[in-house]
Structure formats: structure tokens, C-alpha cells
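Here's the structure we're looking at; comments come further down.
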Amino acid sequence: MALFHHHPHASDSPSSGWRHWKTAAALGVLLLAGLSACMLQVHSGEALVITRFGAPVRVLLQPGLAWRLPPPLETVVPVDLRLRTTSSGLQDVGTRDGLRVIMQSYVAWQVPADSSHITRFLRAVQNQPDEAARQIATFAGSAMETGSSRFALGNLVNTDRSQLRISQLEQQLRQQLTPQLLESYGVQVVDVGLERLTLPAVTLDATVARMRAERDTIAAERTASGNEQAAAIRANAARDARIQQADASVAAAEIEAGSRVQAARIYADAWQKAPELYKTLRSLDTLNGVVGSGTHLILRTDAAPFRALVDGPPGLAAGKSAKGK
């Protein structure tokens, strides 16, 4: 009877099984590392440009997870799509009437969520927003120089709001900058506006003189208009006064004529009723009109009308004669 003895191989030892687990774990880690290197996350407000050996091959725009080939086959360049604002800085520009002003504008811009514009922006400024801002400021300064030459100083600085044309200037700046920046840098202009406008000393003196002349002209026009209205009022008042005086004179003449007619009628009635008494009263009226407190007359007492003072009324004189007899 033959006896067989089993000799365990090295591979069947516990250390061999542990090595298999270590190898599998290492492969798993490498696999996870490879997967994580190929996995991307696109955040909101940015785009990821996938380049292959330095050349853009595709642009990822939708937020979420995405995949790529592991580096160095494909690399990722993030592009910020958020809104930015760039100031042009103070610029000395000229107006249509030959005066100088100091302007400062701002440009609100962003890279649009479009693969062609994102690629253009990446190639133009090497994905450097500061360089893009510097170029935009240069374009804005040139646009202000061109745009301000179409407006007079009174359209930019004026106390009369109806004369200001600043909004038209801002619109022209936007119309000029929008196609230039979009075609050259892939940048979309959102808004353009003036944030500062000042005047040099020479321009300020000229502006003050112009405003003073405008004020003097307005004051002269208003003074002339007021004088014209005052003259019209005075003429109307004088005309109305003349009309009222004429009407009053006519009314007074009518009243005086009526009173004379009435007085003549009263005199006639008095004459008819008592002629001698009428003569006496008329004589006394005449004396009242002729003789005053400072009058000195030397006349015969038997002459009219002083005879009435001596004789008295005719009826009274006759009565005295009868009593004497």
C-alpha cells in the first residue's frame, strides 16, 4: 500500500491570498484614480474648455458631471462666464464746439455662453480677464473720444434737463463697442454708461460764462414780456377809466339837465302862484350869490335887489300902510 503525502504549495499559503487582495485593492485604487481623473464637474457661471494637445476640441456649458480623456491626452481650461465691470479711467475728450471735458465710463461685460465666443475669448486673451479688461478700457476710451465729438458741451453739462443728451451718448458708446468687442474678443457688452464727467478750468470758465449769458437772455425776455403785459394792462385800465368818466359825465349832464328842468318847473309854479313872492325870493338868491362875508358894497337901498330889504314883501308893505292909516 502506497502512501501519498500532500505537500501544500506556496500559493496556497495565507500570505499568498493576502498578496492577491493587495493587488486587487491596488488595481481598484488605480481604477478609481483613473475614473476621477476623467470625471469633471461643470459649475454654474463657468464653462470648461477641453483641449487636446493644446487645441480646443469641445466646450462644456451645462452644469453637472462630464467626462474626458485622462491627462495629458486632454486638459481642462475653466472660463468664467459671470458679469464683470471695467472702468475706462479718466479721459480728456473734446466736444463738438471745441471744448474739452474729462469723462470716465464703465462697461459691463461677460463672455456669452456660446462655444464659438468662448473659444475666441480663450484665444484672444489666453483666458486672462485682466488682459480683457485692459483691452476693453482702451476701446472705451477711443469710443468716448469719437462719441463726445458729436455733442456740444451744452448737451453734456446743463441746468436745463431738456437740453441734456447723456443717454444718447451712452447709447452711441454701446452701439460702437458691442460689435468691436464681440468680434475681437468674444465679449458681450451688457451695458455702457458714464460714471463721471468733470470740466477743466478753461472749460469751466467758458461754461459759467455761457450759462450766465443764457440766464441774462432769459431774464431780458421775461422782463420784456412783463413790460409788454404791464403796458397792455395800463392801456386797458386807462381806456376803461375814460369810458367810465364819459359815462359819468353823460349821467351827470342828464341829472343836471333834469334838475334844471325840475327847477324851472318849480319856478314857473311859484311864479304863477305868488309872483311878488317869487321876485322877492329871486332877489334874495341873487344877494346870497353876490354878497359874502368879505364883501363891502355901497349901493342905493331903493335899487334892486336891495329894495327888498327895505320894503319887504309887497303884501307886508301894503298891510303896514293900511294899519298906519
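Of the residues examined, residue 321 is one that is of a type in the set (Ser, Thr, Tyr) and either modelled with pLDDT under 70 or in contact with a strand residue (DSSP E or B) (Cβ under 9 Å, 6 or more places away or on another chain) (or both). Just need a number here: residues in segment 189-216 that are of a type in the set (S, T, N, Q) and at pLDDT 85 or above. Residues in segment 189-216 being of a type in the set (S, T, N, Q) and at pLDDT 85 or above: 1 in total.
All conditions in (1) outside any helix (DSSP H, G or I); (2) under 30 Å from residue 155 (Cβ atoms) hold for residue 48, with the sole exception of (2).
Note on segment 68-112: residues that are open to solvent by 50 Å² or more (accessible area, probe 1.4 Å) and of a type in the set (Phe, Trp, Tyr) amount to 1.
The values are calculated or read from the model by the stated rules, or taken from the named source; none is laboratory data. As the structure is a computational prediction, the values presented were derived from the model and not from experiment. Ideal geometry is used to build each Cβ from the backbone, glycine not excepted, and the neighbour counts take in all protein chains shown. Heavy atoms of the whole protein, side chains included, go into the accessibility calculation; ligands, DNA and RNA do not. Shrake-Rupley method; radii C 1.70, N 1.55, O 1.52, S 1.80 Å.
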